[in-house]
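Inspection log for the structure reproduced underneath, given as structure tokens.
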Amino acid sequence: MNHTNEYLKQSPSDHNNTSSKPSVIFIHGIGLNSFLWEPLWSYLSNKYNIIVYNLPGHGLEPEPSSPITWNSLCRQVISIIDLSIINKFHLVGHGIGANLAIKIALYCPERIESLNLISLSGFNRSAYLQREMEEQTHLIENIDRTELVEHLIPSLTVNYKRPDVHSLIRDALHHVSSSSYIQLLKLIADNNTIHDLASLTQPTLMLSGEKDPVYTPVISAINSSYIEKGRFFIVPNASNLTFLDQPEWTAYWLKNHIDSTVPEAPDFSSITSDPMVHSLHKGIHTVDRTFQVKQILKVQLLHKFQVSVNGIEITDGWNKRLAKKLLLYLLLSPNTTREQLYDDLWPDSELRKAQNYLRVCLNHLKLLLGQHSDRFEFLHIDREHITIRGTIRCDLLELIKDLDEAVQEQDEETKESRIYQVWRKLPNHILSGYVDDWILGTRERIEEQLSQLAQWMESRSKLSNHSQMMSLKLSRHPNHDQFQENKEAIMN
């Protein structure tokens, strides 16, 4: 069976009659390949026209010659779909494949009929996840991937001791390109998953394994709350690879969502013979979140500080109890942990004092944001995590997104247009007045990207006077005395 990206999987009886079937594109997770989807085919192949996509440097796909970006991945997937003469389609993604499915939905929204996200990847930039990323980067560079396999596999499947499952995952990891793996890992780490989810307009299903130790059902449920037309289900007795651990359950929810109808309940008897577990599985926990009324939190940070909830400005209380700083932190890390907040906001305080400070500051911020919110809570607080949710509109986040897109853009004319769009949003000073390491890192990243774009513009300076002027302006530090004068010159 050929699993390159030109592979179109059809049932033999309908080989020449796929046009009437819904088309479904499957995108696997990092370090894996399309072979891992095979347990689903017996449930899906007769009903859908299936295309499987291999990430660059995975499976039989070669390592790309150019850097991997979200835009390059989107273009590659769309080009493969276009070869199959398919206009509209459904997307199923696992891990970073789910992140890519979201990017494709934002890239060409008119062509996506539904999204199906399994164990969606999303870093909250905690110290733990940063260490995990560094550990995987180190292990993938070893020629012998045995240590990486043993490090990852217990968190991927409940059946990791089964020889056939272990072999399948081991073979996938042994054949992945280390360069592609590291580039994709960085894409996940730098991605604003919450912003992407809040931007979706397509019907979206999110599945989480009951026993996933990393992207737990609690985290996935919180993430799903950002989706306007979202549904969330927990797959019982499954870890991260739900389609390996429970292919029948996974296929059932996929068909349910893709068909937009509620079919008859599946036969649970084949899942387990234990009567008690059988009963528990029938009572699977589900959360169906479809927002009827959007709660909008608008925050301006670049040219002035202003916060409004549902169009009503909140003017008082921001100079107390670190309200501004805490809000900025949560906007940049919308799903963070208490421990990370202790370390970043009160690094020199004893743990008990830091806990008290955080409790007081969170209560104050929660009261501020609770004004005019129709009793909707923008802050979700539990014993471990603090999450900001709802529809968030923030000029700083938009600038960061525009910068990322400008840096990644490959088409020269589009890139220049994106750079000009970035320029129009730049303030006189970027995040001035903040001296904490966590915010300095964000500012340095913005300035580094601006410098990178300036160098690119300089390389095109002979092509047009406009390019030359843009290069000169962007190359100046945002805090330079001539910044405003230069900005006005180029905008006129």
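The values are calculated or read from the model by the stated rules, or taken from the named source; none is laboratory data. All values reported here derive from a predicted model rather than from experimental measurement. Note that we place each Cβ from the backbone using ideal geometry, even for glycine, and neighbour counts take in every protein chain shown.
Are any residues in the range 394-417 in contact (Cβ under 8 Å) with a residue 24 or more places away in the chain and either polar (S, T, N, Q) or at positive phi (or both), and if so, which ones? Matches in the range 394-417: 408, 410. Does residue 156 count as in contact with a strand residue (DSSP E or B) (Cβ under 6 Å, 6 or more places away or on another chain) and buried (at least 20 other Cβ atoms within 10 Å of the Cβ)? For residue 156, the condition - in contact with a strand residue (DSSP E or B) (Cβ under 6 Å, 6 or more places away or on another chain) and buried (at least 20 other Cβ atoms within 10 Å of the Cβ) - is not met.
On the stretch given as the range 204-219, residues that are closer than 21 Å to residue 37 by Cβ and either of a type outside the set (Val, Ile, Thr) or in the same structural domain as residue 381 (by TED's automatic domain parsing) (or both) total 9. Taking the criterion of being under 20 Å from the mean Cα position of the chain (by Cα) and among the β-branched types (Val, Ile, Thr), would at least one residue in the range 315-334 satisfy it? No: zero hits. Within the range 343-365, the residues that satisfy the criterion of being buried (at least 18 other Cβ atoms within 10 Å of the Cβ) and farther than 19 Å from residue 396 by Cβ are 346, 354, 358, 361, 362.
Restricting attention to the range 405-419, which residues are surrounded by 16 or more Cβ atoms within 10 Å (Cβ to Cβ) and farther than 21 Å from residue 192 by Cβ? Selection gives 416 alone.
Tell me, yes or no, whether the range 220-232 has at least one residue that is in the same structural domain as residue 27 (by TED's automatic domain parsing) and without any contact (Cβ under 8 Å) to a residue 40 or more places away in the chain. Among the residues of the range 220-232, not one is in the same structural domain as residue 27 (by TED's automatic domain parsing) and without any contact (Cβ under 8 Å) to a residue 40 or more places away in the chain, which makes the answer no.
Restricting attention to the range 38-87, the residues that are assigned to a helix (DSSP H, G or I) and in contact with a Lys or Arg (Cβ under 6 Å, 6 or more places away or on another chain) add up to 2. Number of residues in the range 309-335 that are among the hydroxyl-bearing types (Ser, Thr, Tyr) and buried (at least 17 other Cβ atoms within 10 Å of the Cβ): the value is 2.
Could you please let me know if residue 107 is in contact with a strand residue (DSSP E or B) (Cβ under 9 Å, 6 or more places away or on another chain), of a type outside the set (A, V, I, L, M, F, W, C) and assigned by TED's automatic domain parsing to the domain that holds residue 216? Taking the combined requirement at face value, the residue does not satisfy it.
When the range 303-335 is filtered for residues that are under 24 Å from residue 226 (Cα atoms) and aliphatic (A, V, I, L, M), the ones remaining, listed by number, are 307, 309, 312, 314, 323, 326, 327, 328, 330, 331, 332. Of the helices (runs of 4 or more DSSP H) that lie entirely inside the range 172-277, those containing 2 or more residues that are small (Gly, Ala, Ser), surrounded by fewer than 19 Cβ atoms within 10 Å (Cβ to Cβ) and at pLDDT 90 or above span 178-190. Scanning the range 79-91 for residues that are aliphatic (A, V, I, L, M) and either surrounded by fewer than 16 Cβ atoms within 10 Å (Cβ to Cβ) or touching a His at 6+ places or on another chain (Cβ under 7 Å) (or both) yields 83, 85.
The conditions of being touching a Ser or Thr at 6+ places or on another chain (Cβ under 8 Å), touching a residue at least 60 places away in the same chain (Cβ under 8 Å) and buried (at least 23 other Cβ atoms within 10 Å of the Cβ) are met by residue 29.
Residue-by-condition table, conditions (1) among the hydroxyl-bearing types (Ser, Thr, Tyr); (2) in a helix (DSSP H, G or I); (3) within 23 Å of residue 220 (Cα to Cα); (4) modelled with pLDDT of 90 or more:
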| residue | (1), (2), (3), (4) |
| --- | --- |
| 342 | yes, yes, no, yes |
| 352 | no, yes, no, yes |
| 355 | no, yes, no, yes |
| 368 | no, yes, no, yes |
| 417 | yes, yes, no, no |
